[in-house]
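Peer 1: Sharing a structure, written as structure tokens. Questions coming.
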Amino acid sequence: QVQLVESGGGLVQAGGSLRLSCAASGRTFSSYRMGWFRQAPGMEREFAAAINWSAGFTYYADSVKGRFTISRDNAKNTVYLQMNSLKPEDTAIYYCAARRLPGSWTSGYDYWGQGTQVTVSS
């Protein structure tokens with residue numbers, strides 16, 4: 001079982017930056033693929049970024065590629081999402097997720113956090 005707790009959300013102006021953190025419990029954190037998803041008001045939840053267990057591979061949605069960077073520190077059981085050049089359309093609740101097994105980068109995640117709100121003003 002893995003518990004995930006996100007932090008770092010808030011209100012930022014367009015063009016600004018935020019760094020989200022996701023603290024995970026569980027001794028097997030380092031073996032999980034980790035992802036960030038987001039859900040805007042009235043929209044379905046969508047994939048944003050993911051990182052494999054060793055941090056050797058990352059995968060991004062086209063909408064965030066070049067602006068967001070996912071990273072992880074297995075010693076601290078934490079995954080991060082650095083968000084730069086934020087746009088109003090990035091406004092959403094951001095969720096951290098963990099996937100036990102290899103496979104799809106964008107679906108099939110087993111554990112989810114409660115989410116953190118990111119609001120980008122124009």
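The values are calculated or read from the model by the stated rules, or taken from the named source; none is laboratory data. No experiment lies behind these values; they were computed from the predicted model shown. Note that each Cβ is placed from the backbone with ideal geometry, even for glycine, and that neighbours are counted across all protein chains shown. Please note that ligands, DNA and RNA were not included when accessible areas were found on the heavy atoms of the full protein model with its side chains. Shrake-Rupley method; radii C 1.70, N 1.55, O 1.52, S 1.80 Å.
Peer 1: Give me the one-decimal nm value for the distance between modelled label points at N84 and R19, 7 Å along each residue's Cα-to-Cβ direction.
Peer 2: 1.3
Peer 1: Fully extended, how many nm does the chain gain between R27 and S107 (0.36 nm per residue separation, minus their Cα-Cα distance)?
Peer 2: Values: separation 80, 0.36 × 80 = 28.80 nm, distance 2.28 nm.
Net length gain for the segment: 26.5 nm.
Peer 1: Compute the relative contact order of the chain as a whole-number percentage, counting only Cα pairs closer than 8 Å that sit 6 or more residues apart in sequence. Mind dumping the intermediate values first?
Peer 2: On the way: 301 pairs, mean separation 43.5, N = 122.
Relative contact order for the chain comes out at 36 percent.
Peer 1: While we're looking at this one, here's another question. Could you please put D90, D110 in sequence from largest to smallest accessible area, using a 1.4 Å probe? Numbers along the way, then the final one.
Peer 2: Working: D90 0, D110 65 Å².
Sorted descending by solvent-accessible area, the residues read D110, D90.
Peer 1: Return the FRET efficiency for the residue pair M43, K76: r is the Cβ-Cβ distance, R0 is 30 Å, and the value is rounded to the nearest 0.05. If you can, show how the numbers build up before the last one.
Peer 2: Numbers: r = 32 Å, r/R0 = 1.05.
Between M43 and K76 the formula returns 0.40.
Peer 1: What's the center-to-center distance, using Cα atoms, between the stretch 9-59 and the stretch 95-109 in Å?
Peer 2: 11
Peer 1: Working out 0.36 nm times the residue gap between T119 and V5, then minus their Cα-Cα distance, what length gain in nm do you get to one decimal? Please list the in-between numbers first.
Peer 2: Working: separation 114, 0.36 × 114 = 41.04 nm, distance 1.86 nm.
Separation in residues times 0.36 nm, less the Cα-Cα distance, equals 39.2 nm.
Peer 1: Which ³J(HN,Hα) values in Hz, rounded to whole numbers, follow from the phi angles of the stretch 64-73 under the Karplus curve 6.51 cos²θ - 1.76 cosθ + 1.60, where θ = phi - 60° and Gly and Pro get x?
Peer 2: My calculation for the stretch 64-73 gives 10, 4, x, 10, 10, 9, 9, 8, 8, 10 Hz in order.
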